[in-house]
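Here is the structure we will look at, set down as structure tokens.
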Amino acid sequence: MTIKQSTSNTIRDLDPIRTGLSVEALRRAVLDNLACMQARYPNIATTYNWYMALAFSVRDRMLARWVSTVETYAARDIKVACYLSAEFLIGPQLGNNLVNLDIEASAREAMRSLGQDLDALLEFEEEPGLGNGGLGRLAACYLDSLATLELPAVGYGIRYEFGIFDQVIRDGWQVEVTDKWLQHGNPWEIVRPEVSVYVSFGGHTEAGTDAQGRYCVRWIPAYRVKGVACDTPVLGYRVNTCNTLRLWKSEAVESFDLEDFNVGDYYGAVEQKVTSETLSKVLYPNDEPEVGKRLRLAQQYFLVSCSLQDLLQLLNIKGAPISRFPDGFVVQLNDTHPSLAVAELMRLLLDERGLSWEESWDITQRSLAYTNHTLLPEALETWGLPLFRSLLPRPLEIIYEINRRFLDQVRQRYPGDEARVARLSLIEETGEKRVRMANLATVGSHAVNGVAALHSTLLKQTVLRDFAELWPERFQNVTNGVTPRRFVVLSNPGLAHLLDEAVGVGWATDLSRLRSLEALSGDPEFQKRWRRVKRHNKEALALRVRERTGMRVDPDALFDIQVKRIHEYKRQHLNVLHIITLYDRLRHDPLRAAAARCFVFGGKAAPGYHMAKLIIRLINGVAEVVNNDPAVGGRLKVVFFPNFNVKNAQAIYPAADLSEQISTAGKEASGTGNMKFMLNGALTIGTLDGANVEIREEVGADNFFLFGLTAEAVERVQREGYQPAAYADANPELRRALDLVAGGHFSRGDREMFRPLVESLLRRDPFLVLADYADYVACQERVRAAWGDQERWTRMSILNAARAGKFSSDRAIREYCEKIWKVSPVRVAIG
Ligand code: F58
């Protein structure tokens, strides 16, 4: 017998059971994987077994593309976009991979022939909740676009064992339950123990001279942790490009648990192992200022050190000199969480590769770029010096040296302006000394961008003003985008089908083509089909609401939806005050004409953010009263949809009529949910904040419900001494709404429960809820009138989708490539 020597790397040389795309090939593959990966025959297989068998069959079909992609990148002199992010909220994988491989229909048929329902298997999948919200989801949309546009890219992050908590509602309160996304294993990842790096922590440094007599520093760490690569394939939409999301998992360094460390101390060794593994154990669910979170700083350093070491190794494998690093890689920092990359790349080049400071700095700056995602001063990351020094003594020294050289430059440019020097410094000197991560990221990067036009403008006027004056050419805007594959093709198949017919296939990768819908927006026949799709999606959501909350909602009602993290600046409580006002009107005048409205809320509150949790409690309190009051007669319904995540989002956006984007102007950097709603034909009620500004520009003022103070006016009102109580005094409806809350009407007579919320609104109201209330309520009247004319509403809905093209993440990624990354597409061939 001769064994065929395989040197092939083409898909044709793999067994068709791993690659075939027909119904029959898929059916056989699933049976094969059921037996060989799950040790089950069909008669005793559970949903879990079927899900895993199908997932492995789909993954098999991605692998040849994955290997070819890696080989293509390795063989060619190309530049790779490296997206560093502490969060990737990638969502369920099965459905998206089926769509991108274009085998959804065959898989459905194959599973049906095996007696299985594909939808039930899709529903079974747990999503990796490795992110808090918009920032993590943006990273996932960008990976999708990078692969779809055939751009060489890698995502680097952390493989948290526990992602964002699951939210359950008990007695109206949020309760956090640990997320166990890995409990059934993860069929989408390949763990690569052979791809590992070591990361140092603690200890001290020793300065000396090297063999050539040059000054050098040695870091003697207190301990080291091993980072192991866990790779997830990211297949583009109907292309061969399959990029990698590399998430690092922390492990103990073997030497600790076996040799020197643990002789006779077995339990001590195990403890060390546990400590090391703790590093990637849990995602921080915080939306609040960081205070003394040692583990979080350790995670950030772990992420950047693993990723940069990996890139240096890749460069080595390619045989390229270190000076070529910026030609081979551009490293995008997704907010300040990975901004230690500035210090770490310097350390690796200086201490480990022996480069000079000047060479190292040139490489670092040319390679890194930074995206800012917030203007809230309290959300700007800083780390106290004692913590920083004890955990990362060598990176801190490097930061000090960067700062020294940087401030020298500043002093030369602005002689005598010590106030400016203090503002620009990487170290905050007042009070406890702290490292300012946004300053570090800005100084170490060649490009800095905001995530919507307004945000980028405000960034230059506020938090990074001095930097923008110093280096105006570094500042850019790249307005966020979302992937139409997951958020239409996958989650709104009815709409996708209608779009295929109306504008022709191809819109999913060229969203500007939706413009041709404009011509159909007034067509009665098309309108009817449009409404039918929406109605179908609303029925599906109503069913889900019933399952999750036990509540019945009417699919004919206007679905008015606000889903996003719960935060005071996002003003869910403004929405609630409007609902209370509508309710109060009906209570006093039950015969009043009122079209049915169903208000849906969804979103998690940071576990320690009491006011946000109280807002959730208020929504549920209002729901309990409004939904059961006979005077309302079912015309108003309030639903809090528990555990808003990517999976639930996919059922929610397609069913929305009205999208609530009501943040205080100047506070929401961009928003991306606003784009997903628009793309699915929802109309927006919103302030001139974040990307709302551009949404309104695209869709036209007539097709957008605008209200509220502008960012400028917000600033002015606050500067002039805002008196929220005066607004309540001047507006009887607002006063009554607040009185109902304070009087225990929504808390079964408990007057204490919502006191902190009402007092905060009346005394401080930092986000100008009361100042915007009247205009919001008036604007909602315009919504009501528009809804009353279904032909008009449908036209506006169609125009919203038609004009959403700008908000594709493909457009955003192309802009990053052109303005910042200088990365070009690379065709991947298979077979
Ligand atoms: C969000 N930030 C912005 N941060 O709030 C939103 O306007 C923007 O559209 C989005 O980024 C994408 O640019 C955001 O989601 C976080 O989740 C942080 C994660 C780390 C802890 C603090 C919150």
Exercise for the section: Please go through the residue pairs Lys538/Lys676; Lys79/Lys318; Lys570/Lys819; Lys538/Lys570 and name each one whose alpha carbons sit more than 19 Å apart in this structure. Expected result: Lys570/Lys819; Lys538/Lys570
Exercise for the section: Take the alpha carbon atoms of the range 481-555, find their center, do the same for the range 799-831, and report the distance between the two centers in whole angstrom. Expected result: 22 Å
Practice task
List the relative contact order of the chain as a percent without decimals, with contacts defined as Cα pairs under 8 Å and 6+ residues apart.
Solution key: 14 percent
Exercise for the section: Pop a pseudo-label 7 angstrom from the Cα along the beta-carbon direction at both Glu71 and Glu401 and give the gap in nm to one decimal. Expected result: 4.3 nm
Practice task
Please say if the range 13-153 is rounded, prolate or oblate, where rounded means a/c under 1.5 for a ≥ b ≥ c the square roots of the C-alpha gyration tensor eigenvalues, and otherwise the choice is prolate for a/b larger than b/c and oblate otherwise?
Solution key: oblate
Practice task
Return the distance in nm (one decimal) between the two label points of a simple spin-label model at Asp408 and Glu720, each offset 7 Å from Cα along Cα→Cβ.
Solution key: 4.9 nm
Completion exercise
Residue span Glu781 to Ala713: 0.36 nm per residue of separation minus Cα-Cα distance leaves a gain in nm of 22.2 nm
Handout entry: Pairwise FRET efficiency - Ala105 versus Ala540, Cβ, R0 = 22 Å, nearest 0.05
Key = 0.70
Practice task
State the answer as a single residue: which of Gly671, Pro756, His497 lies farthest towards the positive end of the charge dipole of the chain, with beta carbon charges of +1 for Lys and Arg and -1 for Asp and Glu, about the Cα centre.
Solution key: His497
Exercise for the section: In debye, nearest 20, what is the charge dipole magnitude of the range 492-552 about its Cα centre with +1 on Lys and Arg Cβ and -1 on Asp and Glu Cβ, if you could check? Expected result: 520 debye
Fill in the blank from the handout: With every protein chain kept in place and a 1.4 Å probe, the residues Cys216, Cys36, Cys230 fall, from largest accessible area down, as Cys36, Cys216, Cys230
Practice task
Take the solvent-accessible surface of the protein heavy atoms, probe 1.4 Å, and return the percent of it on the chain that carbon and sulfur atoms account for.
Solution key: 51 percent
Exercise for the section: May I ask you to compute the full-extension gain from Glu818 to Val270, defined as 0.36 nm times their residue separation minus their alpha-carbon distance, rounded to one decimal in nm? Expected result: 192.3 nm
Practice task
Enumerate the lysines that Lys249 could reach by cross-link, defined here as Cα to Cα under 22 Å, with residues fewer than 8 away along the same chain left out.
Solution key: Lys180, Lys226, Lys273, Lys281, Lys293
Handout entry: Nearest-20 debye value, the range 321-452 charge dipole, Cβ charges on Lys, Arg, Asp, Glu
Key = 120 debye
Completion exercise
Zone reached by a paramagnetic label modelled 7 Å from Lys180 Cα along Cα→Cβ, restricted to the range 135-161 with backbone N below 17 Å, covers 161
Practice task
Once you have all Cα-Cα distances for the range 51-113, histogram them in 10 Å bins from zero and send the whole-percent values.
Solution key: 17, 36, 33, 12, 2
Handout entry: Distance-filtered residues of the range 577-595 - backbone nitrogen under 17 Å, label point 7 angstrom along Glu624 Cα→Cβ
Key = 580
Handout entry: Length released on extending from Ser113 to Gln790, taking residue separation times 0.36 nm less the Cα-Cα span
Key = 239.5 nm
Completion exercise
So, with points 7 Å from each Cα along the Cβ direction, the Arg585-Thr278 label distance in nm works out to 5.5 nm
Handout entry: Largest-first principal axis extents, alpha carbons of the range 75-207, Å
Key = 69, 54, 29
Practice task
Give the residues of the range 332-368 whose amide nitrogen is closer than 20 Å to a point set 7 Å from the Cα of Ala207 in the direction of its Cβ.
Solution key: 343-344, 346-361
Problem - Cα principal axis extents for the range 716-831, largest first, Å - result: 71, 40, 35
Exercise for the section: Express in Å², to the nearest 10, the accessible area of Arg515 obtained by rolling a 1.4 Å probe over the protein heavy atoms while all chains stay in place. Expected result: 100 Å²
Exercise for the section: Please work out the Kirkwood hydrodynamic radius for the chain, using every pair of different C-alpha atoms, and report it in angstroms with one decimal place. Expected result: 28.4 Å
Completion exercise
Ranking Gly633, Val304, Leu151 by how far each Cα lies towards the positive end of the charge dipole of the chain (+1 on Lys and Arg Cβ, -1 on Asp and Glu Cβ), the top one is Gly633
Exercise for the section: Might you report the magnitude of the Cβ-based charge dipole of the chain about its Cα centre, with Lys and Arg at +1 and Asp and Glu at -1, to the nearest 20 debye? Expected result: 1060 debye
Fill in the blank from the handout: Kirkwood Rh over alpha-carbon pairs of the range 289-390 plugged into Stokes-Einstein at 4 °C, 1.567 mPa s gives a D in µm²/s of 88 µm²/s
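The values are calculated or read from the model by the stated rules, or taken from the named source; none is laboratory data. As the structure is a computational prediction, the values presented were derived from the model and not from experiment. FYI the Cβ positions are ideal-geometry reconstructions off the backbone, even for glycines, and counts take in every protein chain you see. Keep in mind that these areas ignore ligands, DNA and RNA; they rest on the heavy atoms of the full protein, side chains included. Shrake-Rupley method; radii C 1.70, N 1.55, O 1.52, S 1.80 Å.
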